[in-house]
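Some notes on the structure that comes next.
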Amino acid sequence: MDNYYHQHHHPHFDNSNNNEPHLPPGFRFHPTDEELITYYLLKKVLDSSFTGRAIVEVDLNKCEPWELPEKAKMGEKEWYFYSLRDRKYPTGLRTNRATEAGYWKATGKDREIYSSKTCSLVGMKKTLVFYRGRAPKGEKSNWVMHEYRLEGKFAYHYLSRSSKVTKITESFQA
């Protein structure tokens, strides 16, 4: 039985740290927005070496969306990454979201994420779509990014606005 598992083990579920057991077949990483903020992002901000086993660090400005699935630790339709916010201008607040092949464009309003225990604001979620080419003539793709950042008392106490966790998906609409 053990041989079967190792022979048919999906590479996205492989764990390079031999001190930790492999994840069981059927395991899916599907955290809520609140869990991403309070468990993963906050821990990453407090300890830069924290990985959470399921999320890898990546520079989103140096990778095209179609390259990201192979960089992820796990996932078949959703991939999670830690990323530092890259400023468009050294003294400004605007975020640089361009890659070599295109850019990520925000859609709609940012969504507030509240703690289910304290009902306090813990983070924000921004939805972005990838466009090939350069603005304003870029061509919309199926790649979607959900960007999470700390907000409220978390952001104030930990000065974490430069850190974020992202969820990348490729969606096809009928």
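The values are calculated or read from the model by the stated rules, or taken from the named source; none is laboratory data. As the structure is a computational prediction, the values presented were derived from the model and not from experiment. When we count neighbours, we look across all protein chains shown, and the Cβ atoms used for this are built from the backbone with ideal geometry, even at glycine.
Some observations on this one:
- Selection from the stretch 110-125 of residues that are touching a residue at least 12 places away in the same chain (Cβ under 8 Å) and loosely packed, with under 13 Cβ neighbours inside 10 Å: Ser116, Ser120
- Total residues in the stretch 126-155 satisfying the condition of being crowded, with 20+ Cβ neighbours inside 10 Å and in a loop (DSSP other than H, G, I, E, B): the figure is 1.
- Residue satisfying all of: in the stretch 28-60; at pLDDT 90 or above and of a type in the set (Ser, Thr, Tyr); surrounded by the fewest Cβ atoms within 10 Å (Cβ to Cβ) among these: Thr32
- In the stretch 61-75, the residues that are modelled with pLDDT under 90 and touching a helix residue (DSSP H, G or I) at 6+ places or on another chain (Cβ under 8 Å): Ala72, Lys73, Met74, Gly75
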